[in-house]
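Participant: One structure is given below, represented as structure tokens, and several questions about it will come after.
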Amino acid sequence: MLINRGTLDTLYTAFNAAFREGFGQAPADHERFTMRVSSMTSAEEYAWLGQWPGLKEWLGERVLRGIADHEYSIKNRKFESTIEVDRDKIEDDQYGVYSPMFREAGYASGAHPCELVYALLKDGFTATCFDGRPFFDTAHPVGGGTQSNDGGGNGAAWFLIDTKRMIKPIIHQVRRPYTLTRMDDLDDENVFMRDQFLYGIDGRCNVGFGLWQLAYGSMATLDSDAYRDARAAMLSFKADEGRPLGIVPDLLVVPPTLEEIAREVLMAERDAAGATNVWRGSAEFVVSPWLA
């Protein structure tokens with residue numbers, strides 16, 4: 001192939017198409033419990049997470065509620081991946097061997113939010129959220145007392161989530177989406193020094209915690225009793241003024257090691273004793289390899 005600006009533009013179009021194809025095939029199960037936020041600066045403040053909107057009867061003047069005094073922000077991070085394409089491969093019409101690589105790069109870029117979200121879930125037993133407590137904690141301050149969304153234990157972690165609310169337990173903050181860029185001018189240093197064209201994927205984003213009330217994490221042994229207790233805890237969550245939050249979990253998230261148990265708890269017609277499984281169909285479940 002004769003290498004000139006026109007052929008390099010055509011090649012980039014093909015590589016970018018392969019990248020977008022792979023991107024579109026990436027898993028997106030994390031989106032059920034993730035709130036995507038478009039970021040306009042290096043970091044975003046989420047002080048408003050400390051206030052649950054609610055209605056009360058209007059008697060006299062409106063009751064003004066200030067945003068709770070929480071300092072919680074998510075700082076954007078930069079991520080990149082770079083692919084080198086030998087000039088000789090293009091000249092010898094062998095550039096097709098790179099198409100699968102660009103598709104895989106697109107897939108990896110599309111799946112990257114999954115990796116970030118599930119890694120954050122795993123860290124939720126120690127990493128703090130807007131109230132200064134670990135996201136999964138036994139003593140979140142609420143009103144004059146505390147509430148717990150941590151089931152304890154020291155085994156494999158699993159999570160019960162309410163995915164139906166407008167605000168989610170995890171925030172996916174996007175400053176700049178992942179895109180494919182290039183350094184393929186014939187007078188670029190990389191071409192002159194190494195005879196290689198460079199194609200880079202980069203973006204700016206991050207993940208952080210939303211409302212802890214919408215998720216329950218546990219490292220206790222997963223079984224019907226543990227699932228029942230987690231569900232009951234979430235159903236009982238209240239706002240500062242004592243108003244029930246109306247949380248009803250509908251998604252169980254487990255690592256591969258707990259897939260069989262999750263199926264038994266949520267899909268089996270009968271339990272181990274032969275009795276009717278009252279929890280059948282009470283939630284869906286997701287098995288994530290990023291929790292392994």
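Participant: 222 nm [θ] for the chain, helices only, -39500 (n - 2.57) per DSSP H run of 4+, per residue, to 500?
Facilitator: On the way: 6 runs with 77 residues, N = 292.
Roughly -8500 deg cm²/dmol at 222 nm, from the helical runs in the chain.
Participant: For the chain, take the longest principal axis of its alpha carbons; what is the angle in degrees between that and the long axis of helix 224-235, to the nearest 10 within 0 to 90?
Facilitator: 80
Participant: How many nm is it between the label spots at residue 236 and residue 32, if each spot is 7 Å from the Cα in line with the beta carbon?
Facilitator: 2.6
Participant: Sticking with this one: Which order do the peptides 280-287, 17-24 take when ranked by the mean count of other beta-carbon atoms within 10 Å per residue, highest first? Walk me through the intermediate numbers first.
Facilitator: Numbers: 280-287: 16.0, 17-24: 18.2.
By packing density, highest mean first, the sequence is 17-24, 280-287.
Participant: Take the chain, connect every pair of alpha-carbon atoms lying under 10 Å apart with a spring to form a Gaussian network, then pick out the residue of 266, 160, 198 with the largest mean-square fluctuation.
Facilitator: Judging by the Gaussian network model, the answer is 198.
Participant: At a Förster distance of 30 Å, what's the computed FRET efficiency of residue 229 paired with residue 51, Cβ-Cβ distance as r, to 0.05? Mind showing how you got there, number by number?
Facilitator: Values: r = 28 Å, r/R0 = 0.93.
Result of the calculation: an efficiency of 0.60.
Participant: A follow-up question, please. Give the cross-link partners of residue 122 among the lysines, using a straight C-alpha distance below 20 Å as the criterion and excluding same-chain residues fewer than 8 apart.
Facilitator: 75, 168
Participant: Dipole magnitude of the chain about its Cα centre, charges +1 at Lys/Arg Cβ and -1 at Asp/Glu Cβ only, in debye to the nearest 20? Show your work: numbers first, answer last.
Facilitator: Details: 30 positive and 43 negative charges, 233 e Å.
In total the dipole reaches around 1120 debye.
Participant: With each label point set 7 Å from Cα along the Cα-Cβ vector, what nm distance links residue 126 and residue 21?
Facilitator: 4.2
Participant: Working from Cα positions, state the angle (0 to 90°, nearest 10) between the long axis of helix 5-24 and the longest principal axis of the chain.
Facilitator: Tilt relative to the chain: about 20 degrees.
Participant: Once you have the Cα-Cα distance between residue 92 and residue 77, take 0.36 nm times their residue separation minus that, and quote the gain in nm to one decimal. Before the final figure, lay out the partial values.
Facilitator: Values: separation 15, 0.36 × 15 = 5.40 nm, distance 3.89 nm.
Computed gain between residue 92 and residue 77 is 1.5 nm.
Participant: Would you mind computing Rg(Cα) / (2.2 N^0.38 Å) for the chain, counting N as its residues?
Facilitator: Working: Rg = 24.2 Å, N = 292, 2.2 N^0.38 = 19.0 Å.
Dividing the Cα radius of gyration by 2.2 N^0.38 Å gives 1.27.
Participant: Kindly work out what percent of the DSSP beta bridges joining two residues of the chain are antiparallel, to the nearest 5.
Facilitator: Values: 37 of 48 bridges.
Bridges in the chain that DSSP calls antiparallel: roughly 75 percent.
Participant: Okay, next question. At a 1.4 Å probe, what is the % contribution of carbon and sulfur to the accessible area of the chain? Could you put the intermediate results ahead of the total?
Facilitator: Working: 7900 of 15240 Å².
Here it works out to 52 percent.
Participant: Heavy-atom accessible area per residue, region 158-259, 1.4 Å probe: how many Å²? Before the final figure, lay out the partial values.
Facilitator: Details: 4040 Å² over 102 residues.
Spelled out: the 1.4 Å probe surface of region 158-259, per residue, equals 40 Å².
Participant: Return one number: the angle in degrees, 0 to 90 and rounded to the nearest 10, between the long axis of the Cα atoms of helix 99-123 and the longest principal axis of the Cα atoms of the chain.
Facilitator: Helix 99-123 sits at roughly 20 degrees to that axis.
Participant: Follow-up question, since we're still on this one. Can you grab the distance from the C-alpha centre of region 160-239 to the C-alpha centre of region 1-52, Å, no decimals?
Facilitator: Region 160-239 and region 1-52 have Cα centres spaced 12 Å from each other.
Participant: Sticking with this one: Once the piece of chain linking residue 250 and residue 292 is laid out straight, how much longer is it, given 0.36 nm per residue of separation minus the C-alpha distance between them? Walk me through the numbers before you get to the answer.
Facilitator: Numbers: separation 42, 0.36 × 42 = 15.12 nm, distance 2.19 nm.
Fully extending the segment from residue 250 to residue 292 adds 12.9 nm.
The values are calculated or read from the model by the stated rules, or taken from the named source; none is laboratory data. Source: prediction; values computed, not measured. Because the Cβ atoms are built from the backbone with ideal geometry, glycine has one as well, and the counts that use them run over all protein chains shown. When the accessible area is computed, the model is the full protein with side chains, heavy atoms only, and any ligands, DNA or RNA have been set aside. Shrake-Rupley method; radii C 1.70, N 1.55, O 1.52, S 1.80 Å.
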